[in-house]
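Just so it is clear, none of the values below were taken in a lab; they were calculated from the coordinates. For clarity, every value in this text was computed on a predicted model and none was experimentally measured. When we count neighbours, we look across all protein chains shown, and the Cβ atoms used for this are built from the backbone with ideal geometry, even at glycine.
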Amino acid sequence: MSEVPFASSHSRLCISPGLDRIGLREKTLVINTPWANEAVDGEQTPAYRDFTIEEMNRHLMSCANFIGELGFNVANMPPALSVSSSRHQWGIAPYHYDEPAYLWIRDQAEAALNT
């Protein structure tokens, strides 16, 4: 068995029929959250493994675009909300956001549930 590259035309052909059979597209909201370069106080977020924040954001956007092309509802967090917090309970990280980002995510989830 060979590996099917993610986001390839072949993976679309493999995934799409199954999603339609189980009605998953209509029931799913994908929230695309770009990673933060810095915290509210200006402190730089640490790199993730061997990837820069810019590399990860390009990858995440590519994934979100692919998922959107499959017919899923994708909500893209405004870049202005992509800010970390050095006061986050688990510390500063590119994917630990300040409160306004979490409120936006909550609002997207609630809106999707009410449609």
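By the gyration tensor of its Cα atoms, with a ≥ b ≥ c the square roots of the eigenvalues, what is the shape of segment 9-113: rounded for a/c under 1.5, prolate for a/b over b/c, or oblate? Intermediate values should be presented prior to the final figure.
Working: a/c = 3.14, a/b = 1.71, b/c = 1.84.
Cα axes put segment 9-113 in the oblate bin.
Taking other residues whose beta carbon is less than 11 angstrom from the beta carbon of S84, and scoring Lys, Arg as +1 and Asp, Glu as -1, yields -3. A cut-off under 15 angstrom between Cβ atoms defines the neighbours of L29, and their net charge, with Lys, Arg +1 and Asp, Glu -1, is 0.
Each other residue within a Cβ distance under 14 Å of R106 adds +1 if Lys or Arg and -1 if Asp or Glu, for a net charge of -4.
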